[in-house]
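Asker: The structure is given below, and queries will be raised subsequently.
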Amino acid sequence: MVTPGSIASSARPYSHLAANYDATVGIPFFRSIRAAFEQLIRRFGITFRTAADIGCGTGLFARYLNRSWGVPVIGVDQSKDMLRIASRNCRGLRVCLLRQDIRSLRLPQPVDLITCNFDTLNHLVGDGDLLRTFRNVHENLRPGGHFLFDMVMQCQPPGRARRFVRRFYTARRIVMQHVRWEPMRKIISIVVSVHSPERRRPIIEVHRERAYSAREIGQALYDAGFLIRGIHDAGTLGMAKQCSPRIIVVARRKCC
C-alpha cells in the first residue's frame, strides 16, 4: 500500500491516469461493455438516432456508437485530461465533446439514448447526487428514450475493511490501484499510483466511489420518472441476483 510518506507528488483524479487509461483498464472494459450493450439492444428492441455517453472518459464508447451505429454522439466528462484523450480518439467523427458535471447535465438537445459506463455513477458520493443526476438524464432524453448504465453494488462482505491491489502494465509505466472497501460508509477508496522511469517516486491520485443498493437505485429511478425495463448481472446478463457485484440497468423515459 502506498503510504503518505512515500508520496512524491499527488495529483487530481485522472490527470496522470488519463494518458495510461486505455492501455490499462479502458480497452478491456470497453470490449466487455460493447458486447453487453449489443446483446441488450437486441433483447429490448432499442433503436436510436442520437446518443450521448456521459462520463465518457477517453471517448472509446462514444467513438463506438458513432462508428458502429452511424449516429451523432455527445460525449460528456468532467475531467479535462480524459477529454483531451477523447478528442484524439474521436477526431474526425460526429462526436461532440462537452466538459460538464453530470449532476448538472445539460445537452444541446435531447437524445434518444444515454449511456453511462464503468462506475461513473458510483463516483457520485454525496447524498442526493444519484437522484439529481437521474432527473437530469431524464430531462435530456426524448420521450420514450432509453438510459443504459452500469453500477458497482454493495456486495462486499460486511465487517472489517477489505483491501486489495490491482496492477496494470504498459510499455513504459506501471499503474497500480490500491483499493479499500469501507462497508460501514459504503465507500470504495482507490489510490492510483503511476510509476514511470522518468520519476523516482510515483504520481498518486485518490479516487472515491460509493456503492449503492438495488433499492436506492430503483427508488431514484422511479422518483426521476423512469420505467425500469431490466436489471442485469453485468457478467452473465441474466436477471441480477440479490447481490450481483456489478449490474447493468435498462431504463426508459415515459412516452408522455
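The values are calculated or read from the model by the stated rules, or taken from the named source; none is laboratory data. Every value quoted in this text rests on a predicted model; they were computed, and no experiment measured them. Glycine also receives a Cβ, built like all others from the backbone with ideal geometry; neighbour counts cover every protein chain displayed. Please note that ligands, DNA and RNA were not included when accessible areas were found on the heavy atoms of the full protein model with its side chains. Shrake-Rupley method; radii C 1.70, N 1.55, O 1.52, S 1.80 Å.
Asker: Once both labels are modelled 7 Å past Cα along the beta-carbon direction, what's the Ile190-Ser32 spacing in nm?
Answerer: Output for this residue pair reads 1.2 nm.
Asker: To make sure I understand the rule: partners must be lysines, Cα under 22 Å from the Cα of Lys241, and not fewer than 8 residues away in the same chain. Which ones qualify?
Answerer: Lys186
Asker: In nm, what is the difference between 0.36 nm times the number of residues separating Arg229 and Ser15 and their Cα-Cα distance? Please list the in-between numbers first.
Answerer: Values: separation 214, 0.36 × 214 = 77.04 nm, distance 3.65 nm.
Separation in residues times 0.36 nm, less the Cα-Cα distance, equals 73.4 nm.
Asker: Counting only protein heavy atoms and a 1.4 Å probe, tell me what percentage of region 1-89's accessible area is made up of carbon and sulfur.
Answerer: 50
Asker: Would you please give the FRET efficiency between Arg94 and Arg166, computed as 1/(1 + (r/R0)^6) with r the Cβ-Cβ distance and R0 = 35 Å, to the nearest 0.05?
Answerer: Working: r = 35 Å, r/R0 = 0.99.
Plugging the Cβ-Cβ distance into 1/(1 + (r/R0)^6) gives 0.50.
Asker: Tell me the carbon and sulfur percent of the accessible area for region 113-256, rounded to whole percent, probe radius 1.4 Å.
Answerer: Numbers: 3770 of 7420 Å².
The value for region 113-256 is 51 percent carbon and sulfur by accessible area.
Asker: Considering just Cα atoms, how many Å³ per residue does the convex hull of the chain enclose? Mind dumping the intermediate values first?
Answerer: Numbers: hull volume 32.1 nm³, N = 256.
About 125 Å³ per residue, rounded to a whole number.
Asker: May I pose another question? If you count only protein heavy atoms with a 1.4 Å probe, what accessible area per residue comes out for the chain, rounded to a whole Å²? Intermediate results must be reported in sequence, preceding the final value.
Answerer: Values: 12980 Å² over 256 residues.
Solvent-accessible surface per residue comes out at 51 Å².
Asker: Something else about it: For a label point 7 Å from the Cα of Ile174 along Cα→C-beta, name the residues of region 187-214 whose backbone N is under 18 Å from it.
Answerer: 191-205
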